[in-house]
Amino acid sequence: MSDPAPSDVSLPARRTNLWLESRYRKLRRGLPQTVFFCPDCKGSRRRRTDCRRCGGFGKLTRESVQELIARRLLPAMQAKAGRFHGAGREDVDVLMLGRGRPFVFEVLGARRGDIDLEALRLDIERRAEGAIELQPFVRVERQRLVYWKQQHFEKIYRAEVAIDAPPDAAAFARAAAFAGEIVQRTPQRVAHRRADLDRHRRLRVLALRPAGPSTLELRVQCEHGTYVKEWISGDENRTEPSLASLLGVGCRCAVLDVEEILTDDVTGPRLQPPPPVPEP
Ligand SMILES: [Zn+2]
């Protein structure tokens, strides 16, 4: 029998699972939230070898928010694997600004749960070279992951809108003041993976102003599950009314950012009143 080295005394003898909550800000376009597996070969070791789509890489982007975190976190905690659970997700080309998007990182089989989380966070940010920023990690119970999956939040988006022609003044004023319900049929771009149905969503234009000869800057607040790009373009009349139909000119979303996710701790007006408290 030999005694363990003194530095090993504080290490847990067994592996544990733990959950870290934070929010990420995504400051680089083209960065997916989670690993972007190739749609053709699904990243499978066997099938990707001859895959033309990804050239054998198995993924369509080199990095993701998940990988930027896991790459530092898993070795630091001597963990077997990690799972990323975001409170929703934005498109690859959309920035995530404001306070960032909540997520829970599930660490599986960690030998070291006692590391300096703030040092880890700063290390992740430094290695991400400005692509992401994180709020301080907080250790949470697994239940928080379920909370973020089940809750839906309104969002504020900022967009640059390319317009085909200058709208007339009355139409512009109508669009700039729009607040109401829209009906969105499942967009063409997601129709292959979403049921084809009409969705009713509330939406309010917060600001609309010219930002160039053929560009408008838009800020809009909308309910969870609103397809903002399609609300701007109208998606060939599958969304009604749309910014394009209100303005009477063709519109296309050129740039889109999530400015804020209106989680319960963010103050400000909501489109949807909170559900009524049942009578006793
Ligand atoms: Zn592939």
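A compact table of results
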{"item": "Failed condition for residue 20, given (1) outside any strand (DSSP E or B); (2) away from the ligand (no atom under 15 Å from the Cβ); (3) of a type in the set (A, V, I, L, M, F, W, C)", "result": "(1)"}
{"item": "Exclusive hit being under 18 Å from residue 113 (Cβ atoms) and not small (Gly, Ala, Ser), set 59, 80", "result": "80"}
{"item": "Subset of the range 238-280 (residues that are surrounded by fewer than 18 Cβ atoms within 10 Å (Cβ to Cβ), small (Gly, Ala, Ser) and assigned to a loop (DSSP other than H, G, I, E, B))", "result": "248, 250, 268"}
{"item": "Filtered residues of the range 42-77 (kept if under 26 Å from the mean Cα position of the chain (by Cα), surrounded by 14 or more Cβ atoms within 10 Å (Cβ to Cβ) and within 9 Å of the ligand (Cβ to nearest atom))", "result": "43, 54, 57, 58, 59, 60"}
{"item": "The lone exception for residue 90 - which of (1) out of contact with any Asp or Glu (no Cβ under 7 Å at 6 or more places or on another chain); (2) surrounded by fewer than 16 Cβ atoms within 10 Å (Cβ to Cβ) it fails", "result": "(2)"}
{"item": "Options 125, 118, 106: the member that is acidic (Asp, Glu), surrounded by 15 or more Cβ atoms within 10 Å (Cβ to Cβ) and in a helix (DSSP H, G or I)", "result": "125"}
{"item": "Positions within the range 176-202 being surrounded by 15 or more Cβ atoms within 10 Å (Cβ to Cβ) and closer than 19 Å to residue 255 by Cα, in sequence order", "result": "176, 187"}
{"item": "Output for the range 3-28, where each listed residue is more than 22 Å from residue 104 (Cα to Cα) and either modelled with pLDDT of 95 or more or of a type in the set (Gly, Ala, Ser) (or both)", "result": "5, 7, 10, 13"}
{"item": "Candidates 39, 32, filtered to the one that is within 16 Å of the ligand (Cβ to nearest atom), assigned by TED's automatic domain parsing to the domain that holds residue 113, in contact (Cβ under 8 Å) with a residue 60 or more places away in the chain and of a type outside the set (S, T, N, Q)", "result": "32"}
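The values are calculated or read from the model by the stated rules, or taken from the named source; none is laboratory data. It should be emphasised that the depicted structure is a prediction, and the values quoted were computed from it without experimental measurement. Heads up, the Cβs are rebuilt from the backbone with ideal geometry, glycines too, and the neighbour counts pull from every protein chain shown.
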